[in-house]
Amino acid sequence: MNPTDRIERTIERLHLTTRAETDKRILDDAFTALEKSAQKQPPHVGRSAGRRTLRIRIAELTAIAAVILVAFALFFGTRTTKAVTLSEIYEALGKVENVCIADFQAPANEPTQTEWISQTMNIDVIRSGERFVLWDIPNKVQMIKYLSSDAVQTEAISEEMLAKVEQAAGRRFGLVPFSDISHISDAQWIRVEDLQIETTMSGTKVYDLTWTERNTTFGAIRLRKWRVFVDAGTKLPERVEWYSKFEPEGEYKFETFSVVTYPNESQIKVLIRNAFGSALRQPGDPEYIGTPQPD
């Protein structure tokens, strides 16, 4: 394989694409350089020698252009593929104010439960089928509403239940396997570089956290895997998957997954008004954004 072929193969592997305007500019610059070079040739140089010179200069310019493209690709590729750490995900989730989590039993495409949590309003809304439950922490009440009925049931929340609800929200909304990153030991964090897996959530980076879970009561050992599809910019999960297996040589079983979005406070207020009756709606409310669905 000659040097030109090797350069072409290298560029192909980089999957570089350019716009038509860019291609035209590169060609125009190359022809301008060739014309200037030809004008510098002495009058006595024959036609054959001139052609050889042009071929040599075209090859040189092609090689230089290829090197420049490779350098740019490597430079920008390095900048955009910086690994996301587990601590960055924990830190990003710790700053989230509002979240919507749709839970699924693999491989179903309909959520078993959808939950909206607002840290700013200190409320939790859960939808399971046709049933909505609103946990109003500041007022210490629980509201229950069925879509098939206009009636709204209101109950007081016990202090014990309040503590459980607040504790669940404190665990990064239940999206991570450990409440505190310092509790993680003997675990492995790796990047999953599989194009087929990455297309599950377009534009995300995929990582696996694997660890061993021991049952101190029965002595059973289970191997666990937590797969996260993370936005490389915000460091926030857009999808999390849970796997387990009991035999080291066995295949992981895909158990459950969650699709995650991050609505604002206004959107959650509209959801509550829509779910709990027209009497709660106010003029000029923004439109409600629906439950996320898996790709």
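Which of the residues spanning region 105-151 are in contact (Cβ under 8 Å) with a residue 12 or more places away in the chain and of a type in the set (S, T, Y)?
Of everything in region 105-151, those that are in contact (Cβ under 8 Å) with a residue 12 or more places away in the chain and of a type in the set (S, T, Y) turn out to be T112, T114, S118, T120, S128, Y146, S148.
Any idea which of (1) over 21 Å from the mean Cα position of the chain (by Cα); (2) in the same structural domain as W226 (by TED's automatic domain parsing) is the one E91 doesn't satisfy?
Condition not satisfied by E91: (1).
When you check Y207 against the structure, is it within 20 Å of the chain's Cα centre (by Cα), surrounded by 11 or more Cβ atoms within 10 Å (Cβ to Cβ) and either at pLDDT 90 or above or more than 26 Å from S266 (Cβ to Cβ) (or both), yes or no?
So Y207 fits the description; yes.
Just for strands (runs of 3 or more DSSP E) wholly inside region 82-185: which have at least 2 residues that are in contact with a Ser or Thr (Cβ under 9 Å, 6 or more places away or on another chain) and more than 17 Å from F276 (Cα to Cα)?
The qualifying strands (runs of 3 or more DSSP E) are 98-105.
Results for (1) farther than 18 Å from V99 by Cβ; (2) modelled with pLDDT of 95 or more; (3) surrounded by 10 or more Cβ atoms within 10 Å (Cβ to Cβ), shown as yes or no for each residue.
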{"site": "S182", "(1), (2), (3)": "yes, no, no"}
{"site": "M201", "(1), (2), (3)": "no, no, yes"}
{"site": "R227", "(1), (2), (3)": "yes, yes, yes"}
{"site": "P294", "(1), (2), (3)": "no, no, yes"}
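Mind listing just one residue for me: the one in region 228-275 that is of a type in the set (F, W, Y) and within 20 Å of the chain's Cα centre (by Cα) and, of those, nearest to L134 (Cα to Cα)?
Looking at the filtered set, the residue picked out is Y262.
Which residue, of F104, F132, is more than 22 Å from G233 (Cα to Cα), assigned by TED's automatic domain parsing to the domain that holds F178 and aromatic (F, W, Y)?
F104
The values are calculated or read from the model by the stated rules, or taken from the named source; none is laboratory data. Everything numeric here is computed off the predicted structure, so don't read it as measured data. Cβ coordinates were reconstructed from backbone atoms using ideal geometry, including for glycine residues, and neighbour counts include every protein chain displayed.
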